[in-house]
Amino acid sequence: MAAQIGASAAAARAHEEMYSYWAGLRRGARLPARGDVDPAALKRLLPTVSLIDIRREPLDFRVRLAGTGLYSVYGREITGRALTDVYNAAAADYWRQELTAVVEERRAGVGVHSLSWRGASHLSILWLRLPLAANGRDADLILSYDTVVGVQSEPGFSGIRAA
């Protein structure tokens, strides 16, 4: 149990690091743009970073880029895929609702989502979604960071860890 608490605390610290970086890029009420984000500044977090394109009319989302550490969560490459290509219907609806709130409210979203849709109900994703906007106002991309937390049921399985 102590090891699990340590892993969760490390995941929370990594999320705080990502949020602080994003918040430091803001200029008052203006959202940072993709061009403001320096991947070198996030080097140790990159394996579980993803970028999500925001499509308008109708509002929809597509994974533009997914870090290599996310492959083990999804069991395949998710770069270039729509939500319905990555998740079952219920999970896609969950993500559509959460991502829509990030876009409409122009602020960070954070939460925990069970991996039961993937057959791993003992694991969850601790997620962070951060809006980016080329014009500083209308989100056009979402910077994402995920870590896997939960009870390890497989010997040697460690979930996602920052590099």
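The values are calculated or read from the model by the stated rules, or taken from the named source; none is laboratory data. Because the structure is a prediction, the values reported are computed rather than measured. Backbone-built Cβ (ideal geometry, glycine too); neighbour counts: all protein chains shown.
Listing for the model above:
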read-out	value
Subset of segment 84-109 (residues that are modelled with pLDDT under 95 and within 13 Å of the chain's Cα centre (by Cα))	Trp95
The listed residue being under 17 Å from Ser124 (Cα atoms) and acidic (Asp, Glu), out of Glu57, Glu98, Glu16	Glu98
Candidates Leu65, Leu70, Leu31, filtered to the one that is closer than 13 Å to Ile142 by Cα, buried (at least 18 other Cβ atoms within 10 Å of the Cβ) and aliphatic (A, V, I, L, M)	Leu31
Unique residue being under 23 Å from Lys43 (Cα atoms), over 12 Å from the mean Cα position of the chain (by Cα) and modelled with pLDDT of 90 or more when the list is Leu132, Leu143	Leu132
All positions within segment 65-97 that are touching a strand residue (DSSP E or B) at 6+ places or on another chain (Cβ under 7 Å), over 19 Å from Leu128 (Cβ atoms) and of a type in the set (A, V, I, L, M)	Ala82
Segment 73-84, subset β-branched (Val, Ile, Thr) and closer than 15 Å to Leu51 by Cα, residue surrounded by the fewest Cβ atoms within 10 Å (Cβ to Cβ)	Thr79
Subset of segment 85-100 (residues that are in a helix (DSSP H, G or I) and loosely packed, with under 15 Cβ neighbours inside 10 Å)	Asp85, Ala89, Ala90, Asp93, Gln97
